[in-house]
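Novice: Structure provided below as structure tokens; questions to follow.
The values are calculated or read from the model by the stated rules, or taken from the named source; none is laboratory data. These numbers come from a predicted model, not from an experiment. Reconstructed Cβ throughout: ideal geometry from the backbone, glycine too, with neighbour counts over all protein chains shown. These area figures cover heavy atoms from the full protein model, side chains too; ligands, DNA and RNA do not enter into them. Shrake-Rupley method; radii C 1.70, N 1.55, O 1.52, S 1.80 Å.
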Amino acid sequence: MNIQGKRNIWKDYQKEIATDRYFYVRSCVRQNFFPGSEKAFLRILKEELSRDVYENASHTTCSGIGYHSDVVPFETAMTMVARQFALMTESGYENFTTSCITSFGLYSEILETWHHFPEVEERIREHLLRATGRTFKKPANLSHASDVIFKFRKEIAEKAKHRLINRKTGNPLKVVEHIGCHYSKMFPSKGVGGAEYPYVLVGMIEEWGGEVIDYPERRHCCGFGFRQYLVKANRGYSLACSKKKFESMAPYKPDFILTNCPGCPMFLDRWQYALSEMEGITYGENGFGIPVLTYEELAGLVLGYDPWDLGLQVHQVTVDPLLDKLGVDYDPSAKFTGKNGIDLGKPEPPTFLKFYQNE
Amino acid sequence: MNKSTIVVGGGIAGMTAAGELSRLGVEVTLVEQEQISGGHAACWDRLFPTRRPAEEVISFLREQTDSKVNTFSGRPVTEILHHESMFTATLSDGTILRGESLVLATGYDLFDASRKEEYGYGIYDNVITSAELEGWFKNHQPVRTKNGRIPSRVAFIHCVGSRDEKVGNLYCSKVCCITGVKQAIEVKEALPACDVYSFYMDLRMFDRNFEELYFEAQKNYGINFIRGRLSECSENEDHTLVVKTEDTLTGKPMKMIVDLVVLLVGFVPRSQNTQMLLKLKLITGNDGFLQPEDEHNGDNLTRIPGLFITGAVKGPVTIANAVADARATALQVYSFLHSNR
Amino acid sequence: MKDFGYQAHRDNTIDFEKNDFRIARFLLEREPSLNLCIGCGSCTGTCSTGHFTEFNIRKIHTLIKRGDTEMARKQIRQCMFCGKCQLICPRGINLRNVILGINRALEKI
């Protein structure tokens, strides 16, 4: 592989990312799926980088999850998004940053729609005004939170406590990067690096010392896809998508998978368990799975945050072997202790997928 | 008054026009930006559909022009102007040429395959273009993977950069289909044990003996033609490639591991033309190629009397097409020079 | 193994690395004219059987060349051997021999 060929493409997909004063909107599902990630994002921006990040308590779902499940019409989604823009405007911010990839896709789609059909924007403004009395300005800059971490990847590298190097072997960790479909497949120019060779996560991995794996099914969907998992009858399809990816990446022996979407880490993590129980297969080393991280979790680990503060104990595929490779100093006994000090109890181990290091 | 013309471009069309005009007694100046004349054809080993050596055609044209035509080579034209019925062409070294008429035969560029990002050209080692493969044949280089292995499977990909809204080229490049068939046969001849696959949308065998060569490729060489356009290409750890298409004739997605992928790159308008022709304000079609005054009865004429266009500057052509077109152009130039302007 | 009420879907992809090309090789050796197919479909269009059943002779022999013999196994016996497909083929493929060959191959392999 000739990396220069990719660099030539990356040059064509540079994107403007605001550097301060972010109006941050959370994801509907990430606080349940990976509860430490959004908190880590705020901590990194506020404490490490001294940036102004604002959250508005009146923020609701963008309705993207309903829109992509065919239960919320586009007109409704646009009006709800208009309300989020109104909250931003009222709060005195112009740089809109989303935690969720599907939100990012939906916001991009709506701004693009309004750009080409100004009469639609006018109509939505009327809807919003009538329903809520609110008016808004469109964001000066729209970014996904992974764009922001990408933007500050060098600053994070300067403060790094750990590099993506296997402490035992001295070799770079091998990383699979997986981008949410709605990040750049809809609008390649809105994603760092475009759609075919997205650079947003690659840039972090490179900067923090890891090595990216380019495996044949890199572009395949993780299997999240809303309708596929919402309806039980379709879940076998979702599972098959993830399986296709695992089978394709496993020969490269990746140390972990890095993601930037709410759904991808959920499914790439949990389906490893489901596949192990249903078919007896595991994809990591020595019967373990391949750990799956969000970019905030990875940035947090690089900065030396406590893995249990990052919420890594709620991952289905245990991350402990990865923590050892990184040389993270962690307390295994604190893994299942709540923030209030109460023992939460150990999860029952899966049948085939190895979960506990010393068992 | 001298009957003079400047022919810009020393490829097949330009050389043919220059040779014919010289035979008709016109004082011809031929400008070629490269040191060697012959244009793209000079990079070819053998020509479709008969597989005669390209060198034969080019030598014929060189005999028609060498020592008979005043030639400036190795210097591109930077600007062409038209003023008071005279044309001036400025060369990159400052030389200024003048003529009563001018023939534009600047040809085409090959499509830059790296623009089809999903095919991985310029990224994956074993994705090459048809032009590179032709170069291997010409230089008697064996067909091998980047790390020197003999390929056991080779895939030819038709329509790369042609018939593709995503790269802005809706047109068909005409010659790639038959080029692919010819090269597939040549790979099979060089490597009889190799399985050769051609992935196509349509096979447009429009000219004489084209369909016959396609038939021969199936019958005598066992080339496998699969109707499906390449969706994406990715690389395995061992640098073999995974190609993904639909086999549209069975209606199923398909994937295959191959050792070498050959992209049949099409024609695109020549990028240098923009600056060179800026002041002439010539009309281009939606495809970016120059538009003649009348596609049927004046397809070598432009809005400027005395300025003629010939060959691939008007869009994709075969060598046989280009020769015929250039001969017709020569007659048009000749009548123009002998008319009461 | 646990049953969650769903299973990973079967991959519908024609996978050249996994498929079995023995029947294809047997057939092409026995009747090389099969490689001349251009997928025009006139064989299927004229096929009496194909008008009333799932039988699609073009798909059957194309799939065999892709190493997928499932359709042939299920359907090849439906052919009534009338020979109209061969009469109509613009590439001169000996389709009766192809069909005979498919039957032989399925018996042997």
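Novice: B:ILE257 versus (1) more than 15 Å from B:SER173 (Cα to Cα); (2) under 27 Å from the mean Cα position of the chain (by Cα): which is the lone unmet condition?
Specialist: It is condition (2) that B:ILE257 fails.
Novice: Next up: Please determine, by comparing only the residues of the stretch B:216-232 that are assigned to a strand (DSSP E or B) and more than 8 Å from chain C (Cβ to nearest Cβ), which one is least open to solvent (accessible area, probe 1.4 Å).
Specialist: B:ILE226
Novice: Looking at A:ASP331, A:ASP324, which one is more than 21 Å from the chain's Cα centre (by Cα), surrounded by 14 or more Cβ atoms within 10 Å (Cβ to Cβ) and under 26 Å from A:PHE41 (Cα atoms)?
Specialist: Details: A:ASP331 fails: surrounded by 14 or more Cβ atoms within 10 Å (Cβ to Cβ).
That would be A:ASP324, the only listed residue that is more than 21 Å from the chain's Cα centre (by Cα), surrounded by 14 or more Cβ atoms within 10 Å (Cβ to Cβ) and under 26 Å from A:PHE41 (Cα atoms).
Novice: Among the residues of the stretch A:255-277, write down those that are among the charged types (D, E, K, R), open to solvent by less than 10 Å² (accessible area, probe 1.4 Å) and either under 17 Å from A:GLU296 (Cα atoms) or away from chain C (no Cβ under 12 Å) (or both).
Specialist: A:ASP269 - this is the single residue of the stretch A:255-277 that is among the charged types (D, E, K, R), open to solvent by less than 10 Å² (accessible area, probe 1.4 Å) and either under 17 Å from A:GLU296 (Cα atoms) or away from chain C (no Cβ under 12 Å) (or both).
Novice: Of the residues A:ARG125, A:ARG134, only one is assigned to a loop (DSSP other than H, G, I, E, B) and surrounded by 15 or more Cβ atoms within 10 Å (Cβ to Cβ); which?
Specialist: Just one listed residue meets the conditions, A:ARG134.
Novice: Looking only at residues in the stretch B:198-215 that are more than 9 Å from every other protein chain (Cβ to nearest Cβ) and open to solvent by 60 Å² or more (accessible area, probe 1.4 Å), which one is nearest to B:PHE156 (Cα to Cα)?
Specialist: Checking each candidate, the answer is B:ARG204.
Novice: Given the structure, is B:ALA13 modelled with pLDDT of 95 or more, under 19 Å from B:ASP109 (Cα atoms) and not in a strand (DSSP E or B)?
Specialist: So B:ALA13 passes the test.
Novice: Would you pick out the residues in the stretch B:180-197 that are open to solvent by 10 Å² or more (accessible area, probe 1.4 Å) and either under 20 Å from B:GLY266 (Cα atoms) or part of a strand (DSSP E or B) (or both)?
Specialist: Selection gives B:ASP195, B:TYR197.
Novice: Give me a count of the residues in the stretch B:41-87 that are among the acidic types (Asp, Glu), surrounded by 15 or more Cβ atoms within 10 Å (Cβ to Cβ) and within 25 Å of B:GLU134 (Cβ to Cβ).
Specialist: Total satisfying the criteria: 2.
Novice: Would you check which residues across the stretch A:1-38 are in the same structural domain as A:LEU106 (by TED's automatic domain parsing) and free of Cβ contacts under 8 Å to residues at least 12 places away in the same chain and list them?
Specialist: Scanning the stretch A:1-38 gives A:GLN31, A:ASN32.
Novice: Look at the stretch B:109-127 and say how many of its residues are buried (at least 21 other Cβ atoms within 10 Å of the Cβ), in contact with a strand residue (DSSP E or B) (Cβ under 7 Å, 6 or more places away or on another chain) and not in a helix (DSSP H, G or I).
Specialist: Result for the stretch B:109-127: 7.
Novice: Using beta carbons and a limit of 8 Å, which pairs, at least six apart or on different chains, have the first residue in the stretch A:71-95 and on the phi < 0 side of the Ramachandran plot and assigned to a loop (DSSP other than H, G, I, E, B) and the second one modelled with pLDDT under 95 and not polar (S, T, N, Q)?
Specialist: A:VAL72/A:GLY66; A:PRO73/A:TYR67
Novice: Filter the stretch A:240-253 down to the residues that are closer than 29 Å to A:GLY170 by Cα and either surrounded by fewer than 24 Cβ atoms within 10 Å (Cβ to Cβ) or away from every other protein chain (no Cβ under 14 Å) (or both) and list them by number.
Specialist: A:PHE246, A:GLU247, A:SER248, A:MET249, A:ALA250, A:PRO251, A:TYR252, A:LYS253
Novice: Among the candidates C:ARG22, C:ARG10, C:ARG30, C:ARG58, which residue alone is open to solvent by 30 Å² or more (accessible area, probe 1.4 Å), under 14 Å from the mean Cα position of the chain (by Cα) and more than 8 Å from chain B (Cβ to nearest Cβ)?
Specialist: C:ARG22
Novice: Could you tell me which residue of the stretch A:40-59 is least open to solvent (accessible area, probe 1.4 Å), considering only residues that are in contact with a strand residue (DSSP E or B) (Cβ under 8 Å, 6 or more places away or on another chain) and not in a helix (DSSP H, G or I)?
Specialist: A:VAL53
Novice: When the stretch B:116-152 is examined, which residues are found to be touching a Leu at 6+ places or on another chain (Cβ under 8 Å) and basic (Lys, Arg)?
Specialist: Hit for the stretch B:116-152 is B:LYS116, nothing else.
Novice: I've got another one for you. Determine, yes or no, whether B:SER101 is more than 23 Å from B:ARG204 (Cβ to Cβ), at pLDDT 95 or above and more than 14 Å from chain A (Cβ to nearest Cβ).
Specialist: Taking the combined requirement at face value, the residue satisfies it.
Novice: Let me ask another. Give the residues of the stretch C:65-87 that are more than 10 Å from chain B (Cβ to nearest Cβ), surrounded by 15 or more Cβ atoms within 10 Å (Cβ to Cβ) and assigned to a helix (DSSP H, G or I), sorted by residue number.
Specialist: C:ALA72, C:GLN75, C:ILE76, C:GLN78, C:LYS84, C:CYS85, C:GLN86, listed by residue number.
Novice: Of the numbered conditions (1) more than 17 Å from A:VAL175 (Cα to Cα); (2) open to solvent by less than 30 Å² (accessible area, probe 1.4 Å), A:VAL314 satisfies every one except a single condition; which is it?
Specialist: If we test A:VAL314 against (1) more than 17 Å from A:VAL175 (Cα to Cα); (2) open to solvent by less than 30 Å² (accessible area, probe 1.4 Å), just (2) comes out false.
Novice: Looking at the structure I just gave you, is A:ARG30 at the interface with chain B (Cβ under 10 Å from one of its Cβ atoms) and either under 21 Å from B:VAL127 (Cα atoms) or not small (Gly, Ala, Ser) (or both)?
Specialist: no
Novice: Let me ask you something else. I need the full set of residues from the stretch B:205-242 which are at pLDDT below 95 and closer than 16 Å to B:PRO253 by Cα, in order please.
Specialist: none
Novice: Then there is this: Can you tell me which residues in the stretch A:334-359 are under 22 Å from A:GLY287 (Cα atoms), away from chain C (no Cβ under 14 Å) and either part of a helix (DSSP H, G or I) or touching a residue at least 24 places away in the same chain (Cβ under 8 Å) (or both)?
Specialist: Once the filter is applied, which keeps residues that are under 22 Å from A:GLY287 (Cα atoms), away from chain C (no Cβ under 14 Å) and either part of a helix (DSSP H, G or I) or touching a residue at least 24 places away in the same chain (Cβ under 8 Å) (or both), the stretch A:334-359 yields A:LYS335, A:LYS354, A:PHE355, A:TYR356, A:GLN357.
Novice: Return the residues of the stretch B:236-258 that are more than 15 Å from B:VAL196 (Cα to Cα) and within 7 Å of another protein chain (Cβ to nearest Cβ); say none if nothing qualifies.
Specialist: B:ASN236, B:GLU237, B:ASP247, B:LEU249, B:THR250, B:LYS252, B:PRO253, B:MET254
Novice: For the stretch B:88-97, give me each residue that is open to solvent by 60 Å² or more (accessible area, probe 1.4 Å) and part of a loop (DSSP other than H, G, I, E, B). I'd like the intermediate steps shown before the answer.
Specialist: The first filter runs over the stretch B:88-97 and keeps only residues open to solvent by 60 Å² or more (accessible area, probe 1.4 Å), leaving B:92-93, B:96.
Residues satisfying the conditions are B:SER92, B:ASP93.
Novice: Which condition number does B:VAL31 fail, the rest of (1) within 15 Å of B:PHE308 (Cβ to Cβ); (2) outside any strand (DSSP E or B) being met?
Specialist: (2)
Novice: Condition test on B:GLU134, is it in a helix (DSSP H, G or I), open to solvent by 20 Å² or more (accessible area, probe 1.4 Å), in the same structural domain as B:ASP164 (by TED's automatic domain parsing) and charged (D, E, K, R)?
Specialist: No, not satisfied.
Novice: Pairs, please: C-beta under 6 Å, at least 6 apart or cross-chain, first residue over 12 Å from B:GLY306 (Cα atoms) and in the stretch B:320-340, second outside any helix (DSSP H, G or I) and at pLDDT 95 or above?
Specialist: Going by the 6 Å Cβ cut-off, the qualifying pairs are B:ASP325/B:THR310; B:ALA326/B:THR310.
Novice: With B:GLU27, B:GLU34 as the choices, which residue is surrounded by fewer than 18 Cβ atoms within 10 Å (Cβ to Cβ) and over 22 Å from B:VAL268 (Cβ atoms)?
Specialist: B:GLU27
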